[in-house]
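Presented below is the structure to which this report refers.
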Amino acid sequence: PQGGRYQRLHMPSRIGAGALPRVRIVDMGQQPRRAIFAPPLLAAITERVQRGEQCLVLLNRRGFAPVLHCHACSWKSDCPHCSAHQVFHKMDRSLRCHHCGAASRVPRACPACGNPDIAPIGRGTEQLEEHLAALLRNVIVEPQGRAARVARIDADTTRARGALEEQLAQVHAGEVDVLVGTQMIAKGHDFRRITLVAAVQPDGALFSSDFRAPERLFALLMQAAGRAGRDAGYVAAQGQPPEMWLQTWHPEHPLYAALRRHDWPAFAAQQLAERLGAGMPPFAHQALIRADAKSQEVAQTFLSAAADAARAAALPGLELVHLYPPVPLAVQRVAGVERAQMLLE
């Protein structure tokens with residue numbers, strides 16, 4: 001690294017001499033409309049499960065659907081305390097805000113116009129689990145001769161004490177054939193019989209306003225891929241190499257090209273070149289000053305006053321610092337509190 005603050009340690013091969021999974025990119029633009037699972041991916045999962053192997057499906061959004069929506073009047077399940085939607089959780093028929101925790105029952109009809117036809121929009125892990133269980137309901141696992149089992153691990157299924165340990169034990173014991181979950185299942189777990197990992201909706205981070213989002217996505221997908229084929233002996237006995245499947249609308253994106261080769265240095269070089277051109281860290285320094293208040297006006301006024309005070313005090317090095325005007329956060333209100341921020345560069 002240019003600054004000399006970090007040392008990169010190379011680990012060129014997997015422990016146990018196992019091969020890294022082959023990365024398969026699925027162009028969702030070429031798949032049937034509204035398909036949650038591309039037919040080739042579903043076929044690959046089915047084949048693995050029939051042979052007694054395990055699969056892992058990653059979706060970084062818990063709940064059944066991100067929002068409930070009324071098509072008649074455009075009402076959405078907004079949180080009354082936050083600038084965010086309440087997420088629909090089908091299991092307990094609740095609407096829950098993942099920012100402040102506020103929960104309410106699902107209304108029988110639209111609260112705004114009385115339309116009984118309100119529907120979920122988008123997908124969460126709960127919906128993915130339900131859909132996949134329906135698709136695999138006739139799949140028989142050999143040699144046991146039993147029906148395929150789908151399970152889900154996320155923040156909702158692991159609330160109770162000991163729940164996470166119990167669910168992981170079921171995966172390790174081979175009682176689960178397909179595990180659906182959020183990033184909490186992608187990191188650090190040593191699943192010995194998982195040979196296929198699939199990320200079904202990873203594209204959101206490619207176009208995030210946070211310049212670090214692609215870096216975090218690449219790390220997450222690299223870690224998720226590392227759950228497949230950890231037992232070289234088991235993989236060799238099965239006769240088919242481990243795989244990482246990615247469903248994307250942007251198959252030519254450089255991030256996925258680097259991931260296909262498991263090439264972190266190439267991805268880092270591409271990101272550093274982008275950041276150099278845009279004057280972003282590590283080639284510049286940034287800081288966010290945030291303020292919470294009862295109103296957005298008070299929060300922004302406070303930040304403006306802090307910037308004025310810095311200029312009035314003629315702080316050393318101020319000529320090298322650009323102070324941007326205060327703006328609301330992306331999620332402006334949480335638990336009834338307004339949030340603003342000011343960028344220093």
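Taking θ as phi - 60° and the Karplus parameters 6.51, -1.76 and 1.60, the scalar couplings of the stretch 241-246 work out to x, x, 9, 10, 9, 10 Hz in sequence order, x denoting glycine and proline.
Along the axis of the charge dipole computed for the stretch 80-187 (Cβ charges of +1 for Lys and Arg, -1 for Asp and Glu, origin at the Cα centre), the listed residues 111, 180, 86 are led at the positive end by 111. Positive-end ranking of 244, 326, 217 along the dipole of the stretch 209-345, with charges on Cβ about the Cα centre, is headed by 244.
Compute the signed sum of charges (Lys and Arg +1, Asp and Glu -1) over the other residues within less than 11 Å, Cβ to Cβ, of residue 178. Before the final figure, lay out each step's value.
Working: positive: 48, 149, 152; negative: 53, 129, 177.
Result for the local shell: 0.
Cα extents for the chain along the principal axes, largest to smallest and rounded to whole angstrom: 77, 60, 43.
Rounded to the nearest 5, what % of the DSSP beta bridges within the chain are antiparallel ones?
If I count the DSSP bridges inside the chain, around 55 percent turn out antiparallel.
Across the stretch 150-166, computed HN-Hα scalar couplings (Karplus, 6.51 cos²θ - 1.76 cosθ + 1.60, θ = phi - 60°) run 10, 10, 10, 10, 8, 5, 7, 8, 10, 5, 6, 4, x, 5, 5, 4, 5 Hz from first to last residue, x flagging Gly and Pro.
For residue 280, the solvent-accessible surface computed with a 1.4 Å probe is close to 50 Å², ligands and nucleic acids excluded.
Work out, step by step, the length gained on full extension between residue 147 and residue 305: first 0.36 nm times the residue separation, then minus their alpha carbon distance; give nm to one decimal. Mind dumping the intermediate values first?
Working: separation 158, 0.36 × 158 = 56.88 nm, distance 6.50 nm.
Residue separation times 0.36 nm, minus the Cα-Cα distance, leaves 50.4 nm.
The angle between the Cα long axis of helix 125-135 and the longest principal axis of the Cα atoms of the chain comes to about 20 degrees, rounded to the nearest 10.
Taking the centroid of alpha carbons for each part, the stretch 167-241 and the stretch 266-288 are 28 Å apart. Magnitude of the charge dipole for the stretch 225-345, about its Cα centre and with charges confined to Cβ atoms of Lys, Arg (+1) and Asp, Glu (-1), is about 240 debye.
I'd like to check one number: the per residue accessible area of the stretch 96-220, probe 1.4 Å, reported in Å² as a whole number. Let's see the in-between values first.
On the way: 6200 Å² over 125 residues.
The answer is 50 Å² per residue.
Rolling a 1.4 Å probe over the protein chains gives residue 13 an accessible area of about 80 Å².
Dividing the C-alpha radius of gyration of the stretch 118-221 by 2.2 N^0.38 Å, with N its residue count, gives 1.21.
Under 5 Å from the amide H of residue 245 lie the amide H atoms of 24, 197, 198, 199, each residue being 5 or more positions distant or on a separate chain, with H modelled from the backbone and absent for Pro and chain starts.
Among 272, 226, 293, which residue has its Cα furthest toward the positive end of the charge dipole of the stretch 224-345, with +1 on Lys/Arg Cβ and -1 on Asp/Glu Cβ? Most positive-ward Cα: 226.
Whole number please: convex hull volume per residue, Cα atoms of the stretch 263-345, in Å³. Walk me through the numbers on the way to the answer.
On the way: hull volume 9.0 nm³, N = 83.
In the stretch 263-345, the Cα convex hull volume per residue is 108 Å³.
Here the label points at residue 223 and residue 134, each 7 Å from Cα along the C-beta direction, are separated by 3.2 nm in the simple model.
About the Cα centre of the chain, how large is the charge dipole given +1 on each Lys and Arg Cβ and -1 on each Asp and Glu Cβ? Please answer in debye to the nearest 20. All intermediate terms of the calculation are to be shown ahead of the outcome.
Details: 39 positive and 31 negative charges, 97 e Å.
For this selection, approximately 460 debye.
Less than 5 angstrom separates the built amide H of residue 79 from those of 84, 85, 86, all sequence-distant by 5 or more or on a different chain. Candidate cross-link partners of residue 90 among the lysines, defined by an alpha-carbon separation under 22 Å and a same-chain spacing of 8 or more, comprise 76. When every Cα-Cα distance of the stretch 70-118 is counted in 5 angstrom steps from zero, the calculated P(r) takes the values 5, 24, 27, 26, 15, 3 percent.
What is the percent carbon and sulfur in the accessible area of the chain, measuring with a 1.4 Å probe over the protein chains and ignoring ligands? Roughly 55 percent, rounded to a whole number.
Ignoring ligands, DNA and RNA, what accessible area per residue does the stretch 251-306 give at 1.4 Å, in Å²?
Details: 3440 Å² over 56 residues.
Averaged over the residues of the stretch 251-306, the accessible area is 61 Å².
Which loop trypsin sites (Lys or Arg not before Pro) in the stretch 73-107, with loop taken from DSSP, have no more than 16 other Cβ atoms within 10 angstrom of their Cβ?
Details: sites: 76, 90, 93, 96, 105; in loops: 90, 93.
When the trypsin sites (Lys or Arg not before Pro) of the stretch 73-107 are filtered for loop state and at most 16 Cβ neighbours within 10 Å, 90, 93 remain.
Whole-Hz Karplus values for the stretch 282-287 come out as x, 8, 8, 10, 10, 8 Hz, taken residue by residue from phi with 6.51 cos²θ - 1.76 cosθ + 1.60 and θ = phi - 60°; glycine and proline positions read x. A simple spin-label model places pseudo-atoms 7 Å from Cα toward Cβ; at residue 175 and residue 232 they are separated by 3.2 nm.
Rolling a 1.4 Å probe over the protein chains gives residue 301 an accessible area of about 80 Å². Residues of the stretch 214-238 with an amide N closer than 19 Å to a point placed 7 Å from the Cα of residue 253 along the Cα-to-Cβ direction: 214-226.
Net charge near residue 250: determine it from the other residues with C-beta under 12 Å of the C-beta of residue 250, scoring Lys and Arg +1 and Asp and Glu -1.
On the way: positive: none; negative: 27, 203, 252.
That works out to -3.
The values are calculated or read from the model by the stated rules, or taken from the named source; none is laboratory data. As the structure is a computational prediction, the values presented were derived from the model and not from experiment. In this analysis, Cβ positions are derived from the backbone assuming ideal geometry, glycine residues included, and neighbour counts consider all displayed protein chains. Heads up: the accessible areas ignore ligands, DNA and RNA and are worked out on the full protein's heavy atoms, side chains in. Shrake-Rupley method; radii C 1.70, N 1.55, O 1.52, S 1.80 Å.
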